[in-house]
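Notes follow the structure.
The values are calculated or read from the model by the stated rules, or taken from the named source; none is laboratory data. Bear in mind that the values here come from a model prediction, so they are computed numbers and not experimental data. Using ideal geometry, Cβ is built from the backbone for each residue, glycine included, and neighbour counts are taken over all protein chains shown. Each accessible area value is taken on the protein alone, full model and side chains, heavy atoms only, with ligands, DNA and RNA left out. Shrake-Rupley method; radii C 1.70, N 1.55, O 1.52, S 1.80 Å.
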Amino acid sequence: MAKVSLQGITRKFDNVTAIENITFTVEDHEFLVLVGPSGCGKSTILRAIAGLESITSGELYIGDRLVNDIPARQRDIAMVFQNYALYPHMSVAENLAFGLKMRGEKSTQINRRVQEVAHSLNIEHLLKRKPKQLSGGQQQRVALGRAIARQPQVFLLDEPLSNLDAQLRDDTRAELKQLHDRFRITTIYVTHDQVEAMTLADRIVVLQDGVIQQIATPQEIYAHPANRMVASFLGSPPMNIFPVIYRDGNFIINHQFIPISDAVRRRLQLPQGASLELGIRPENITIITNTEITEDIVTLAVEIDLVEPLGKEILIRGKFPDSHISINLFAPANWQGQKGDRLTIKLDEQQFFLFDHNGRVIAD
């Protein structure tokens with residue numbers, strides 16, 4: 001196994017910059033996830049590491065070896081693609097063995113390795129089948145097994161679960177995590193799914209428009225996003241972000257007032273009339289009943305647009321009255337309400353995020 005180091009990597013296509021000044025290090029045995037919206041450059045980074053894309057500038061190391069000019073086949077990496085790329089005329093066993101045969105391994109070693117990997121992935125009963133006889137989940141396991149069998153220094157995964165249905169994707173995601181814990185292969189994983197990123201990663205690299213926005217653990221990114229883009233991208237449903245105006249110790253949202261504490265006011269030092277964006281996650285919003293309303297509780301009014309029961313809880317999508325400012329929040333599973341109702345809610349001041357007009361964090 002080996003660490004992977006990218007130092008100022010840039011990739012340009014004519015006059016278009018796909019990725020710019022990408023710098024990070026994946027430590028030995030680490031599971032790093034590249035996440036971001038479509039077109040952000042995450043697959044380009046992965047392909048550059050694999051040697052499938054040339055680098056315009058910067059340095060790429062696998063272990064202590066500079067690999068900028070080393071062809072893909074000599075980088076000792078294994079890659080799993082979204083479409084699995086299995087050989088249709090070969091059996092599962094032959095697909096698993098293919099990489100080992102290309103490296104000139106002895107047949108006894110190949111057979112032993114194939115059996116070990118098949119056992120680890122619970123596909124021993126599929127070894128004689130052809131890919132067309134397998135389900136999508138089984139094909140995915142074979143593709144993973146073929147990569148694992150080679151025992152590469154680095155494991156690259158490009159959205160490998162996107163073709164699976166929701167339940168199978170959840171199950172395979174858990175299996176991936178267990179496989180990494182078992183084999184400890186340095187892994188770089190690309191996804192646009194923030195749930196996959198949060199559940200799989202030791203660390204996450206968030207990208208937008210070919211530029212790194214933040215690198216941190218899932219917990220750190222969720223609790224302390226670096227900017228508005230990261231805050232709104234990570235979380236399901238995403239963080240609520242409202243335009244607000246600061247005046248006389250209050251945030252004003254759609255003509256409704258939220259007083260802020262003296263401590264917060266002193267820390268922010270905001271000028272009168274400052275236009276900001278206030279962020280708060282749905283789980284930090286509480287529905288207040290009429291019997292719970294007191295003079296010291298500051299509440300807001302919300303109109304319900306949509307009610308989505310999720311089993312253990314209910315997701316409410318609404319908006320502030322007479323506005324187009326939307327808001328998402330959760331209610332208990334036994335909550336009773338419907339579209340058109342008006343709710344009274346309370347925001348947890350301790351969970352506020354503030355952003356300036358450029359999306360930079362003012363406070364979190």
*Might you check whether a residue that is within 16 Å of F355 (Cα to Cα) and over 28 Å from the mean Cα position of the chain (by Cα) occurs anywhere in the range 281-290?*
no
*Candidate set from the range 16-35 (those that are touching a Ser or Thr at 6+ places or on another chain (Cβ under 9 Å) and farther than 19 Å from H180 by Cβ); member that is surrounded by the fewest Cβ atoms within 10 Å (Cβ to Cβ)*: T23
*asked:* Among the listed residues R266, R342, R360, R317, identify the single one that is open to solvent by 30 Å² or more (accessible area, probe 1.4 Å) and in contact with a Ser or Thr (Cβ under 9 Å, 6 or more places away or on another chain).
replied: R317
*Answer yes or no: is there a residue in the range 325-338 that is hydroxyl-bearing (S, T, Y), at pLDDT below 90, surrounded by 11 or more Cβ atoms within 10 Å (Cβ to Cβ) and out of contact with any helix residue (DSSP H, G or I) (no Cβ under 8 Å at 6 or more places or on another chain).*
no
*Given (1) under 13 Å from the mean Cα position of the chain (by Cα); (2) in a helix (DSSP H, G or I); (3) β-branched (V, I, T), where does V264 come up short, assuming only one miss?*
(1)
_Odd one out for G104 among (1) part of a loop (DSSP other than H, G, I, E, B); (2) buried (at least 18 other Cβ atoms within 10 Å of the Cβ); (3) over 28 Å from the mean Cα position of the chain (by Cα)_ = (2)
*Within the range 339-362, how many residues turn out to be of a type in the set (F, W, Y) and more than 30 Å from Q213 (Cβ to Cβ)?*
0
*Just for strands (runs of 3 or more DSSP E) wholly inside the range 114-229: which have at least 1 residues that are surrounded by 20 or more Cβ atoms within 10 Å (Cβ to Cβ), among the polar types (S, T, N, Q) and within 24 Å of the chain's Cα centre (by Cα)?*
186-191, 211-216
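With respect to A72, determine if the residue is of a type in the set (G, A, S), in contact with a helix residue (DSSP H, G or I) (Cβ under 8 Å, 6 or more places away or on another chain), farther than 17 Å from V205 by Cβ and surrounded by fewer than 17 Cβ atoms within 10 Å (Cβ to Cβ).
Details: of a type in the set (G, A, S): yes; in contact with a helix residue (DSSP H, G or I) (Cβ under 8 Å, 6 or more places away or on another chain): yes; farther than 17 Å from V205 by Cβ: yes; surrounded by fewer than 17 Cβ atoms within 10 Å (Cβ to Cβ): yes.
Taking the combined requirement at face value, the residue satisfies it.
A quick yes/no check of all residues on (1) in contact (Cβ under 8 Å) with a residue 24 or more places away in the chain; (2) more than 30 Å from S5 (Cα to Cα):
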| site | (1), (2) |
| --- | --- |
| Y61 | yes, no |
| P71 | no, no |
| V80 | yes, no |
| T108 | no, yes |
| Q115 | no, yes |
| K132 | yes, yes |
| R146 | yes, no |
*Can you work out which of the residues in the range 238-280 that are at pLDDT 90 or above and in contact with a helix residue (DSSP H, G or I) (Cβ under 7 Å, 6 or more places away or on another chain) is farthest from E349 (Cα to Cα)?*
P238
*So how many residues does the range 234-250 have that are closer than 17 Å to N284 by Cα and surrounded by 14 or more Cβ atoms within 10 Å (Cβ to Cβ)?*
8
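At positive phi, loosely packed, with under 14 Cβ neighbours inside 10 Å, in a loop (DSSP other than H, G, I, E, B) and not hydrophobic (A, V, I, L, M, F, W, C) - does that describe any residue in the range 289-296?
no
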*asked:* Kindly evaluate Q82 against the criterion of being over 26 Å from the mean Cα position of the chain (by Cα) and not hydroxyl-bearing (S, T, Y).
replied: no
